[in-house]
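Worksheet: the structure to be examined is printed underneath.
The values are calculated or read from the model by the stated rules, or taken from the named source; none is laboratory data. Quantities reported herein were computed from a predicted structural model and do not represent experimental measurements. Heads up, the Cβs are rebuilt from the backbone with ideal geometry, glycines too, and the neighbour counts pull from every protein chain shown.
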Amino acid sequence: MNIEWILSNYGVLLPEAVLTLFAFAIILIGLKYRSILGYLAFVGGVVSLGLVIMNFSVNATLLYNSLVFDPLSQFFKVVFLLVTLLTIIASLRYYHGNAHQGEYYFLLLIATVGMMFVASANDLVSLFVAFELGSIATYVLAAFDKENPRSIEAGFKYFMIGALSSAILLLGMSLIYGITGTTNFTALSQMSFEMSGYTLAALVLIIAGLGFKMALVPFHMWAPDTYQGAPTVVSAMLAAGSKKMGFVAAFKLIVLALIALRTEWYMVFAVIAVITMTYGNLVALTQRSLKRMLAYSSIAQAGYIAMALVVVSYTHVDSVVNLAMGGALFYILSHAFMKGGAFLAVGTVGYMLLRDKIKVDEDDIDNFSGLSKTAPITAFSLTVFLFALAGIPLTAGFVSKLLIFSAAIYGGLAWLAVIAILNSALSLFYYARVVKVMYWDKPKFDLKGEPTAYVVAVLLALLGTVLLGVYPGPFVDVAMKVAEVFL
Amino acid sequence: MALMDNYLPLLVFFAFGILVPVGTIIFIRLIAPRGEYPRKHIPYECGWLPIGTAKIRFNVEYYTYAIVFLIFDVEALFLYPWAVSYKNPLITVPNFTLIACIEMFLFIVILLIGYVYAWKKGALEWIR
Amino acid sequence: MIPVMYVLALAMTVFAIGVFGMVSARSGIRMMMSIELMLNSANINLVAFSNYHDDISGQVFALFSIALAAAEAVVGFAILLMIFRHKGAINVDTINILRW
């Protein structure tokens with residue numbers, strides 16, 4: 001009787017449990033056999049994804065209300081698992097025969113478990129623990145190619161800034177706990193705060209701590225270095241997955257738990273969103289390294305998503321709040337495909353250069369000249385991803401920008417929408433430059449054949465990007481339905 | 001004055017704490033012979049002449065040992081609150097002991113996997 | 001009982017020392033130490049507030065954060081070790097391949 005009771009109550013934990021189980025199996029099997037690990041990780045991810053989707057409209061709390069399972073958490077889990085699966089497929093080729101595959105796939109799965117728990121967290125303690133689990137694993141992943149000084153440097157910078165940000169976040173959380181005497185989000189959301197220096201300090205510390213993870217300007221310094229230096233498959237995971245962990249934490253902690261303080265954070269987020277998108281786009285203009293350009297574009301995209309936070313804090317109209325948050329969620333889903341795909345496409349070229357023993361900087365823009373002739377699938381996919389990031393119609397990026405910008409206009413923040421649209425136009429400039437180099441310039445290197453695993457991953461991301469752009473209806477519906485949690 | 005009474009022992013303690021080292025230093029200054037000779041600048045190593053410099057690199061093995069120790073040492077921290085609340089009659093959550101038991105079992109299994117990993121990787125063997 | 005204000009002041013001082021150390025340090029180890037200081041200042045806060053509110057969850061939070069700080073330190077030192085292998089030093093000035 002007791003066992004059944006536990007199964008019926010803890011069944012919602014099954015996706016995380018399966019993933020953890022696979023991770024431990026991988027690290028133990030990896031001590032002896034290495035060839036099957038990637039496939040094992042893939043199977044684990046697929047099973048976990050299936051379980052999450054089966055339980056999509058669940059509504060349950062667990063462990064004394066410290067974990068909550070609702071459509072919001074399930075939505076983010078789907079995003080995290082999709083990104084992880086794309087990364088695993090590409091890694092099958094990149095880490096083929098690597099002596100440390102066991103550790104790699106273990107860390108990848110454990111990082112995903114951490115992110116999934118962040119999506120489910122309903123308490124400061126569980127949020128912080130899950131946040132750290134998701135972060136610490138990715139520090140190691142960023143420094144994983146330990147023979148490559150760039151990777152080590154990326155890992156070091158990521159680690160130092162990440163550890164600093166978690167210390168700041170923890171201090172902010174401790175102040176929130178000191179002011180209210182509770183750590184539970186449900187209790188916090190019903191609390192009425194009186195404005196004081198402590199509340200303000202706590203709010204600033206929390207926004208700073210989470211801003212580091214979301215790579216919002218002025219907390220973005222680590223992102224370009226880390227995305228450039230880390231192995232490209234890991235950069236894809238960081239930009240498309242790990243960054244979303246910061247967003248879900250911000251949605252939970254700031255929008256759900258500290259909603260009483262919304263008037264206080266309106267101006268903060270308005271300024272941050274504007275400088276984030278402008279700075280990201282301006283600096284991306286001058287980059288020669290494609291990974292670095294994508295990193296800055298990723299910062300700009302974070303600025304667009306942060307617009308949702310501005311709108312939510314400014315307006316009290318339910319339909320606008322729903323549109324803004326639904327738009328942000330849809331943006332997060334499509335950004336996972338666009339950015340993940342773009343990094344993987346860049347990684348394909350890097351891998352081909354490495355395989356053909358051409359000694360150049362792996363992601364310099366010159367390597368991409370004439371790519372349409374030597375690697376047509378990669379070149380075409382990268383073109384679609386870049387146009388999607390710029391927000392060209394018939395791609396996922398267009399629909400997501402449309403949703404967020406119209407939410408800003410309905411919410412009475414037309415000036416914000418205008419700045420964002422100008423920024424999008426600006427971003428098209430540097431995206432188009434890459435496309436021009438790929439299609440109009442002469443090939444620089446004679447690259448032989450695209451690696452299958454990479455192509456599969458890139459094509460899957462392409463499928464997602466185009467599907468969300470051409471046939472967005474059902475996905476927008478889902479995002480709007482999920483966003484009702486915030487009302 | 002009650003407050004002062006409470007803190008008086010502390011004050012005396014502090015006073016002695018400052019007086020003893022300062023007094024010793026002054027006393028030594030007064031009676032110790034002075035002189036400058038080169039041997040005075042050699043680090044003291046149990047009375048023997050030191051061999052080599054003190055700024056050597058330590059074996060990296062110490063580091064892996066320290067890491068493994070650190071992990072298991074800190075994780076043991078969670079056993080205490082668990083042990084205290086395991087049979088606590090004030091907790092009225094249904095099936096609490098069963099859940100607590102399973103949780104601790106999972107926790108130890110996870111630690112054990114880490115231990116097996118470290119062991120098999122040879123982190124516990126001393127390689128020279 | 002010590003007023004909670006004093007403890008808060010202590011925690012903030014420790015945090016400020018940590019921030020100063022983080023900004024001024026040239027050695028990776030020193031930066032790690034500063035981060036530990038900052039995390040521990042939050043722990044002081046948590047335990048003090050736990051006492052103040054007569055609520056146990058703050059102390060549990062502090063326990064978790066101590067364990068996490070240890071895990072973080074292990075990863076950090078491992079990365080520093082790799083830097084030492086490459087550069088022969090852990091001076092942060094030498095870590096400058098990636099810029100702009």
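No other residue among A:Ser334, A:Ser297 is over 17 Å from A:Ile419 (Cα atoms) and part of a helix (DSSP H, G or I) apart from A:Ser334. Taking the criterion of being over 29 Å from C:Val74 (Cβ atoms) and among the polar types (S, T, N, Q), the residues of segment B:78-128 that qualify are B:Asn88, B:Thr92, B:Asn95, B:Thr97. For segment A:198-222, the tally of residues that are hydroxyl-bearing (Ser, Thr, Tyr) and away from every other protein chain (no Cβ under 13 Å) stands at 1. Of all residues in segment A:198-222, those that are assigned to a helix (DSSP H, G or I) and more than 16 Å from the chain's Cα centre (by Cα) total 12.
Of all residues in segment B:82-100, those being closer than 15 Å to A:Leu63 by Cβ and not hydroxyl-bearing (Ser, Thr, Tyr) number 9. Selection within segment C:41-100: residues that are assigned to a helix (DSSP H, G or I), within 30 Å of A:Met293 (Cβ to Cβ) and within 7 Å of chain A (Cβ to nearest Cβ). The member of this set that is nearest to the chain's Cα centre (by Cα) is C:Gly76.
A search for C-beta distances below 8 Å between a residue of segment A:264-280 that is charged (D, E, K, R) and any residue that is modelled with pLDDT under 85, counting only pairs 6+ apart in sequence or on different chains, returns A:Glu264/A:Met195; A:Glu264/A:Thr199; A:Glu264/A:Leu200. Being hydroxyl-bearing (Ser, Thr, Tyr), assigned to a helix (DSSP H, G or I) and more than 24 Å from C:Ile66 (Cα to Cα) is a property that A:Tyr227 has. Under 17 Å from A:Leu13 (Cβ atoms), in contact with a helix residue (DSSP H, G or I) (Cβ under 7 Å, 6 or more places away or on another chain) and within 14 Å of another protein chain (Cβ to nearest Cβ) - does that describe any residue in segment A:72-94? There is no residue in segment A:72-94 that is under 17 Å from A:Leu13 (Cβ atoms), in contact with a helix residue (DSSP H, G or I) (Cβ under 7 Å, 6 or more places away or on another chain) and within 14 Å of another protein chain (Cβ to nearest Cβ). Consider A:Phe193 against the criteria (1) among the aromatic types (Phe, Trp, Tyr); (2) within 30 Å of A:Gly45 (Cα to Cα); (3) part of a loop (DSSP other than H, G, I, E, B): it satisfies all of them except one. Which criterion is unmet? Checking A:Phe193 against (1) among the aromatic types (Phe, Trp, Tyr); (2) within 30 Å of A:Gly45 (Cα to Cα); (3) part of a loop (DSSP other than H, G, I, E, B), the one that fails is (2). Selection of first residues in segment A:417-441 that are closer than 16 Å to A:Thr278 by Cβ and of second residues that are assigned to a helix (DSSP H, G or I) and of a type in the set (D, E, K, R), restricted to Cβ pairs under 9 Å at least 6 apart or on distinct chains, gives the following pairs, ordered by first then second residue: A:Ala420/A:Lys401; A:Ile421/A:Lys401; A:Ser424/A:Lys401.
Listed conditions (1) crowded, with 24+ Cβ neighbours inside 10 Å; (2) away from chain C (no Cβ under 14 Å); (3) over 13 Å from the mean Cα position of the chain (by Cα) are all met by A:Asp225, apart from (2). Residues of segment A:157-197 that are small (Gly, Ala, Ser) and either more than 7 Å from every other protein chain (Cβ to nearest Cβ) or surrounded by fewer than 24 Cβ atoms within 10 Å (Cβ to Cβ) (or both): A:Gly162, A:Ser165, A:Ser166, A:Gly172, A:Gly178, A:Gly181, A:Ala187, A:Ser189, A:Ser192, A:Ser196, A:Gly197. Residues in segment C:24-37 that are surrounded by 20 or more Cβ atoms within 10 Å (Cβ to Cβ) and touching a residue at least 24 places away in the same chain (Cβ under 8 Å): C:Gly28, C:Met31, C:Met32, C:Ile35. Which residues, taken from segment B:86-125, are of a type in the set (Gly, Ala, Ser) and surrounded by 14 or more Cβ atoms within 10 Å (Cβ to Cβ)? Result: B:Ala100, B:Gly114, B:Ala118, B:Ala123.
Do the conditions hold for A:Lys244, that is, is it assigned to a helix (DSSP H, G or I), basic (Lys, Arg), within 18 Å of A:Lys339 (Cβ to Cβ) and touching a Ser or Thr at 6+ places or on another chain (Cβ under 7 Å)? Against the criterion (assigned to a helix (DSSP H, G or I), basic (Lys, Arg), within 18 Å of A:Lys339 (Cβ to Cβ) and touching a Ser or Thr at 6+ places or on another chain (Cβ under 7 Å)), A:Lys244 does not qualify.
Here A:Ala408 qualifies as out of contact with any Gly (no Cβ under 6 Å at 6 or more places or on another chain), in a helix (DSSP H, G or I) and not aromatic (Phe, Trp, Tyr).
Scanning segment A:129-149 for residues that are more than 17 Å from A:Tyr95 (Cβ to Cβ) and at the interface with another protein chain (Cβ under 7 Å from one of its Cβ atoms) yields a total of 5. Condition test on A:Val399, is it modelled with pLDDT of 90 or more, surrounded by 16 or more Cβ atoms within 10 Å (Cβ to Cβ), in a helix (DSSP H, G or I) and hydrophobic (A, V, I, L, M, F, W, C)? Judged against the criteria, A:Val399 is a match. Just one of the numbered conditions (1) under 13 Å from A:Val312 (Cβ atoms); (2) modelled with pLDDT of 90 or more is not true of A:Leu261: (2).
Within this structure, C:Gly21 passes the test of being crowded, with 17+ Cβ neighbours inside 10 Å, more than 10 Å from chain A (Cβ to nearest Cβ) and more than 22 Å from B:Asp73 (Cβ to Cβ).
Does segment A:426-437 contain any residue that is more than 24 Å from A:Thr378 (Cα to Cα) and of a type in the set (D, E, K, R)? No.
Within segment C:24-40, the set of residues being more than 7 Å from chain A (Cβ to nearest Cβ) and of a type outside the set (Ser, Thr, Tyr) comprises C:Ala25, C:Arg26, C:Gly28, C:Ile29, C:Arg30, C:Met32, C:Met33, C:Glu36, C:Leu37, C:Asn40.
Of the residues that make up segment A:364-373, is at least one surrounded by 24 or more Cβ atoms within 10 Å (Cβ to Cβ) and in contact with a helix residue (DSSP H, G or I) (Cβ under 9 Å, 6 or more places away or on another chain)? Within segment A:364-373 (the criterion being surrounded by 24 or more Cβ atoms within 10 Å (Cβ to Cβ) and in contact with a helix residue (DSSP H, G or I) (Cβ under 9 Å, 6 or more places away or on another chain)), the answer is yes, since at least one residue qualifies.
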